[in-house]
Amino acid sequence: MNLARKDIRYNFGRFTLATVGVGMLLMVVMGMGGIYRGIIEDATLLIDRVGADLWIVQRNTRGPFAEVSRVPTNLVHRALAVPGVNAAREFVYHTIQREQNGKALRISVLGLSWPTDKGEWLPLSAGRPLAQNHYEMIADETLKLALGEKIKLGKEIYTVVGTTKNMISSSGDGIAFFTVADAQAIQFDTPGESTRLERAARYGRGERSDLGSNQPSLLENAEKSSAELPTLPLPQISAVMVTISPAADLDQVAKIISGWGDVSVYTSDGQRELLLKGTVEKVRRQIGLFRMLLTIIAAIIMGLILYTMTLDKIHSIALLKLIGAPNYVILGLIMQQALILGALGLIVAYSVGSKVFPMFPRRVILAQSDLIQLALIVLGISVAASFLGIWKALKVSPNEALS
Amino acid sequence: MNNLSSPQYVIETEAITKIYGSGNTEVVAMRDASMQVEPGKVVALLGPSGSGKSTFLTAVGLINPPTSGRIIIQGKAILDGDNALVNLRSFRRQHIGFVFQKSNLIPFLSAIENVQVAMEINGVSPSAARTRAHELLDYLGVGDRANNSPSMLSGGQQQRVAVARALANHPSVILADEPTAALDSHRGRQVMELFAQVAHEQGAGVIVVTHDHRSLDVFDILYEMEDGILEKKTRETIA
């Protein structure tokens, strides 16, 4: 006869409520693990998907994700000249915040190196890759921009031609993919007045120098667009992504590039490491500690529930002792209830969590390994939580059945 | 009935004394109580409230060991003072059946399960335990209430289930503490007669603590306890 099951059936309503309560608590523990997993996944997703073997960034920076990096556009051509390099692409990456339909819209802007990279590697959920050098964008679904929707960024209007799923930056913002030229136009957009003031200032500096007096054509040029001035550099990019030939030695190529005095080079694994040890590390530790705290709280609450359940049947336990029930019968009664409570709580947590977590603003990923780990933790806390009840039950005297 | 040996007495107490507290707070609840019960005999233990009857019964029931004296059951020394000579809980499970003033059934088990559990914890298979539990409940006239929970049974029915549980493991000793207190006189007498019947049929020794002088004719031996002193009585000398 299974006494645990009989007692649960007798106190079904209260046990159900206790199970739902424990389940909700475990759902939060599960959710914290899922949020952590989501942050890791989001942070490294782009690095994994973009398929670069090496990242060339500004010297002594940890860019382009962990910090700002600026490198000249011609770095692409220098990289291509290195033996073993199969392809080199420009990489522009920055985050903007605009108003869209009265709401704040945060976009992580990523530049694709047109025409070699049109975004074919992206996991499109609808639409197509970029088909022209300007005014097209591919937006992640989390940005809530519909296919065909137009959005004004800077001075230009861009049309959403494709959508992706789960392309999120490490900060949790949806990524929008443009050509490098458009991404730079968005990044370096300045108002007309600012441009006019800059040109006037440039003209003024020319007038004050002897060179401006001796060569009037210089002053004429000073009033032209920056892009038309050969002495001014083109807008810089964030990094250069390098893909090496299958036969090439990655370490050898990295060694050559890292010998250049103006850049640093990282492998994809190095970039992952930078992200996880840098920007994500504090969040990871914070969530980990919070999760640990919640696990302890869950254990305490389960312990109190089981203790109360034991107190409620202490007379029956004393009676069982009086008629000679061995300790293992009483221990089994409490332990089984603890395990049933834990197991059902876990099922409630997973069932409710699976429905609730997709509504969260950031991804909550329930990895199988995390679920197995949580199941083992629940097993542990169920056993630990039952100790208080078992202690009380073993301490009770059979005499109490007579009172 | 469980076999230990075939002794002259199924229950023997040798000058058992129970003292609660110590020093200024010392209370002697029972002093040098000696009793012998032959197999098949039913003993009534009479006496006013607070005289030490329940203390004696819980000592013989191996629940509340005496401070001194010996308890021998089926010819085997079980307690020497508060020193247990066997595993008390295991011995209780196999040889002693209890019936209390209140029926003391486990609320989350049905009537039949309350009887069944006593056998299952004694190693009887669930199917055999269920069969015997049914037989016992039928024998006690509550077979039709087997699947009812205790809260759905009347006081008398609950008490019969408690008796069935006490008999479940064929005990050599049955101890009952005012088992008819919650019953009307008719039902009370029925329960007393039932104890006598079980004792005579199964050869068990039965001790019943009672206040009810109307059923004294059912008992084979009478004892009275007053201020912790146990004394053998006859029907003529009983107060």
Take A:Leu3 and tell me if it is touching a residue at least 60 places away in the same chain (Cβ under 8 Å), within 14 Å of chain B (Cβ to nearest Cβ) and not acidic (Asp, Glu). yes
When residues of region A:6-26 are filtered for being open to solvent by less than 30 Å² (accessible area, probe 1.4 Å) and either under 41 Å from the mean Cα position of the chain (by Cα) or more than 14 Å from chain B (Cβ to nearest Cβ) (or both), how many remain? 6
Within region A:383-399, take every residue that is part of a helix (DSSP H, G or I) and open to solvent by less than 50 Å² (accessible area, probe 1.4 Å) and give me the one that is farthest from the other protein chains (Cβ to nearest Cβ). A:Val383
I'd like the residue in region B:45-89 that is within 15 Å of B:Arg31 (Cα to Cα) and among the basic types (Lys, Arg) and, out of all such residues, is nearest to the other protein chains (Cβ to nearest Cβ). B:Lys53
Residue pairs qualifying under the 6 Å Cβ cut-off, at least six apart or on distinct chains, with the first in region B:101-122 being more than 9 Å from chain A (Cβ to nearest Cβ) and assigned to a loop (DSSP other than H, G, I, E, B) and the second being among the hydrophobic types (A, V, I, L, M, F, W, C) and open to solvent by less than 20 Å² (accessible area, probe 1.4 Å), are B:Ser103/B:Ala162
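Mind listing whichever residues of region A:113-133 are more than 12 Å from A:Val161 (Cα to Cα) and either touching a residue at least 60 places away in the same chain (Cβ under 8 Å) or not β-branched (Val, Ile, Thr) (or both)? Before you say what the answer is, go through the steps one by one.
To start, the set of residues in region A:113-133 that are more than 12 Å from A:Val161 (Cα to Cα) comprises A:113-117, A:120-123, A:133.
Residues satisfying the conditions are A:Ser113, A:Trp114, A:Pro115, A:Asp117, A:Glu120, A:Trp121, A:Leu122, A:Pro123, A:Asn133.
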When the residues of region A:332-358 are filtered to those that are open to solvent by less than 70 Å² (accessible area, probe 1.4 Å) and within 14 Å of another protein chain (Cβ to nearest Cβ), which remaining residue is farthest from B:Ser90 (Cα to Cα)? A:Gln337
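Determine whether region A:152-171 contains at least one residue that is of a type in the set (Gly, Ala, Ser), at pLDDT below 90, outside the structural domain of A:Gly38 (by TED's automatic domain parsing) and over 24 Å from A:Val280 (Cα atoms).
Of region A:152-171, the ones of a type in the set (Gly, Ala, Ser) are A:154, A:162, A:169-171.
Restricting the remaining residues to those that are at pLDDT below 90 gives A:154, A:169-171.
Checking the rest, the ones that are also outside the structural domain of A:Gly38 (by TED's automatic domain parsing) come to A:154, A:169-171.
Filter again for over 24 Å from A:Val280 (Cα atoms), leaving A:154.
Taking every residue of region A:152-171 in turn, at least one turns out to be of a type in the set (Gly, Ala, Ser), at pLDDT below 90, outside the structural domain of A:Gly38 (by TED's automatic domain parsing) and over 24 Å from A:Val280 (Cα atoms).
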Checking A:Asn327 against (1) within 14 Å of another protein chain (Cβ to nearest Cβ); (2) surrounded by 15 or more Cβ atoms within 10 Å (Cβ to Cβ); (3) among the polar types (S, T, N, Q), which test does it fail? (2)
Any residue at all in region B:170-186 that is in a helix (DSSP H, G or I) and either touching a residue at least 60 places away in the same chain (Cβ under 8 Å) or more than 21 Å from B:Ala111 (Cα to Cα) (or both)? yes
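Which of the residues that make up region B:123-145 are part of a loop (DSSP other than H, G, I, E, B) and within 14 Å of chain A (Cβ to nearest Cβ)?
At the first step, the residues of region B:123-145 found to be part of a loop (DSSP other than H, G, I, E, B) are B:123-125, B:140-142.
Correct list: B:Gly123, B:Val124, B:Ser125.
Residue-by-condition table, conditions (1) among the hydroxyl-bearing types (Ser, Thr, Tyr); (2) under 30 Å from A:Ser170 (Cα atoms); (3) part of a helix (DSSP H, G or I); (4) away from chain B (no Cβ under 14 Å):
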site: A:Gly270; (1), (2), (3), (4): no, yes, yes, yes
site: A:Glu273; (1), (2), (3), (4): no, yes, yes, yes
site: A:Gly288; (1), (2), (3), (4): no, yes, yes, yes
site: A:Leu304; (1), (2), (3), (4): no, no, yes, yes
site: A:Thr310; (1), (2), (3), (4): yes, no, yes, no
site: A:Leu319; (1), (2), (3), (4): no, no, yes, no
Between a residue in region B:87-100 that is over 13 Å from B:Ala118 (Cα atoms) and open to solvent by 10 Å² or more (accessible area, probe 1.4 Å) and any residue that is among the hydrophobic types (A, V, I, L, M, F, W, C) and part of a helix (DSSP H, G or I), which pairs come within a Cβ distance under 8 Å, given they are 6 or more apart or on different chains? B:Phe100/A:Ala401; B:Phe100/A:Leu402; B:Phe100/B:Ala162
Looking only at region B:213-225, decide whether some residue is touching a residue at least 40 places away in the same chain (Cβ under 8 Å), more than 24 Å from B:Gly52 (Cα to Cα) and surrounded by fewer than 17 Cβ atoms within 10 Å (Cβ to Cβ). no
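Within region A:161-171, is even one residue under 27 Å from A:Thr44 (Cα atoms), open to solvent by 50 Å² or more (accessible area, probe 1.4 Å) and not in a loop (DSSP other than H, G, I, E, B)? Let's see the steps before the verdict.
Taking region A:161-171 and keeping what is under 27 Å from A:Thr44 (Cα atoms), we get A:161-171.
Now restrict to residues that are open to solvent by 50 Å² or more (accessible area, probe 1.4 Å): A:165-166, A:171.
Filter again for not in a loop (DSSP other than H, G, I, E, B), leaving none.
Checking region A:161-171: not a single residue is under 27 Å from A:Thr44 (Cα atoms), open to solvent by 50 Å² or more (accessible area, probe 1.4 Å) and not in a loop (DSSP other than H, G, I, E, B).
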Taking B:Val208 as the residue in question, decide whether it is part of a loop (DSSP other than H, G, I, E, B), at pLDDT 85 or above and among the hydrophobic types (A, V, I, L, M, F, W, C). no
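The values are calculated or read from the model by the stated rules, or taken from the named source; none is laboratory data. Being a predicted model, the structure only gives us computed values, none of them experimental. Cβ: placed from backbone, ideal geometry, glycine included. Neighbour counts: every protein chain shown. For the accessible areas, the whole protein counts, side chains as well, though only heavy atoms, and no ligand, DNA or RNA atoms are used. Shrake-Rupley method; radii C 1.70, N 1.55, O 1.52, S 1.80 Å.
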